[in-house]
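To keep things clear, I will list the structure first and then write my remarks on it.
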Amino acid sequence: ATPTAIMVGTGLGAKRGVLFKNATALETAARIDTVVLDKTGTLTKGQPEVTDFVTIGYDEAALLALVAAVERESEHPLAGAVVTYATTRHIPTLEASNFRNVPGHGAGATVNGRQVLVGNRKLLMDQGVDVAPVAKQRQGLAATGRTAVLVAVDGRAVGVIALADAVRETAFAAVAALHDADIEVVMLTGDNEATAQRIASLLEIDTVIAEVLPEQKSAKIAELQQAGRRVAMVGDGVNDAPALAQADLGIAIGAGTDVAIETADVVLMRSDPLDVPVALRIGKGTVRKMR
Ligand code: ADP
Ligand code: MG
């Protein structure tokens with residue numbers, strides 16, 4: 001690599017807020033053929049809001065108070081949205097004890113002597129809860145691209161909370177630009193299959209890998225690499241850091257967590273998905289000048 005080409009590439013990137021951490025990152029960017037994008041916080045804004053709260057045989061305000069007590073103890077972005085929703089509805093604050101967080105699944109606690117679970121289908125099923133009473137509501141809400149979270153009280157599924165997270169304005173154009181450059185685009189998410197499929201189809205993304213546990217994200221990247229792919233991973237969360245490290249090129253969203261930014265080879269300061277194809281193009285330009 002000629003130092004001049006590297007300097008030009010780094011400078012071009014910096015002007016757009018695309019920060020390459022080293023010369024190798026620029027060279028690797030030129031050879032990427034597959035881009036894996038995290039959904040929440042990368043393709044979407046990462047600011048979920050509650051849109052629906054459905055209860056089955058349970059008083060709505062009473063259930064929301066139980067749920068909010070659990071979610072107040074959690075640091076998950078979905079939990080924050082549930083707490084905000086409860087606050088706007090002036091729901092009284094209850095105390096939670098025995099709080100436990102189940103990464104990639106949800107959370108549970110004891111509230112007013114009741115066992116409350118808030119999370120995905122797997123969380124409830126693993127605790128022996130029959131999810132059939134809420135299955136229809138869950139499927140209907142997920143089919144619209146919203147994240148459906150289930151609620152169980154004392155072993156009975158009694159509620160569904162739907163959360164919507166707006167897609168970033170430039171996400172569609174970013175996917176299109178990657179396709180124009182003959183790059184395969186993959187979505188990787190811990191969210192449920194139906195929600196992920198809906199958003200992927202809106203964005204015309206080829207492949208969806210959903211319901212992936214936080215610790216499995218990097219293994220999914222390794223699988224693609226073993227299949228001969230040269231992979232860039234784009235992510236924002238703590239969950240994404242091992243996958244960013246595993247990828248040939250790790251790209252962090254600037255608005256993301258410190259761990260993601262520290263682990264990545266490239267940081268997109270404007271948090272704009274359109275800067276992903278830009279970064280790859282700058283890499284290609286640099287390598288061309290080197291020859
Ligand atoms: P992502 O990879 O999309 O950021 P996570 O792996 O953090 O998602 O979580 C996966 C799923 O687990 C969420 O979509 C949600 O259904 C459930 N979940 C996790 N934590 C919570 C929580 N505190 N409250 C409600 N649901 C949760
Ligand atoms: Mg994320």
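Ranking His179, His90, His105, His76 from most to least accessible surface, computed with a 1.4 Å probe over the protein chains only, gives His90, His76, His179, His105. Overall, the chain carries a charge dipole of about 660 debye about its Cα centre when +1 sits on the Cβ of Lys and Arg and -1 on the Cβ of Asp and Glu, all other atoms neutral. Pairs over the 22 Å Cα-Cα cut-off, from the set Lys45/Lys136; Lys15/Lys284; Lys122/Lys217: Lys45/Lys136. Judged by the mean number of other Cβ atoms found within 10 Å, the most tightly packed of the peptides 44-56, 201-213 leads the ranking 44-56, 201-213.
For the stretch 79-237, the dipole from Cβ point charges (+1 on Lys and Arg, -1 on Asp and Glu) about the Cα centre works out to 560 debye, to the nearest 20. Simple spin-label estimate for Ala176 and Thr4 gives 3.7 nm between the two label positions (7 Å along the Cα-to-Cβ direction from each Cα).
Projected onto the charge dipole of the chain (+1 at Lys/Arg Cβ, -1 at Asp/Glu Cβ, origin at the Cα centre), which of Val67, Ala227, Gln47 gives the Cα projection farthest towards the positive end? Ranked along the dipole, the leading option is Ala227. Selection among Ala194, Gly80, Phe20 by position relative to the dipole of the chain gives Phe20 as farthest towards the positive end (Cβ unit charges, Cα centre). Sorted on the mean count of surrounding Cβ atoms within 10 Å across their residues, most packed first, peptides 155-162, 238-245 read 238-245, 155-162. Largest mean-square fluctuation among Ala181, Ala200, Ala279, in a Gaussian network model of the chain whose springs join Cα atoms under 10 Å apart, belongs to Ala181.
By accessible area, using a 1.4 Å probe on protein heavy atoms only, the stretch 70-206 has 50% of its surface on carbon and sulfur. If you take the beta carbon distance between Ala132 and Asp206 as r and set R0 to 35 Å, what does 1/(1 + (r/R0)^6) give as a FRET efficiency, to the nearest 0.05? It comes to 0.55. Can you find, among Ala152, Val134, Leu163, the residue sitting farthest towards the positive end of the charge dipole of the stretch 46-170, where Lys and Arg contribute +1 and Asp and Glu -1 at Cβ? Toward the positive end, the furthest listed residue is Val134.
The values are calculated or read from the model by the stated rules, or taken from the named source; none is laboratory data. Bear in mind the structure is a predicted one, so any value in this text is a computation, not a measurement. Here the Cβ is made from the backbone with ideal geometry for all residues, glycine too, and neighbour counts use every protein chain on show. The area values use the complete protein model at the heavy-atom level, side chains included, leaving out ligands, DNA and RNA. Shrake-Rupley method; radii C 1.70, N 1.55, O 1.52, S 1.80 Å.
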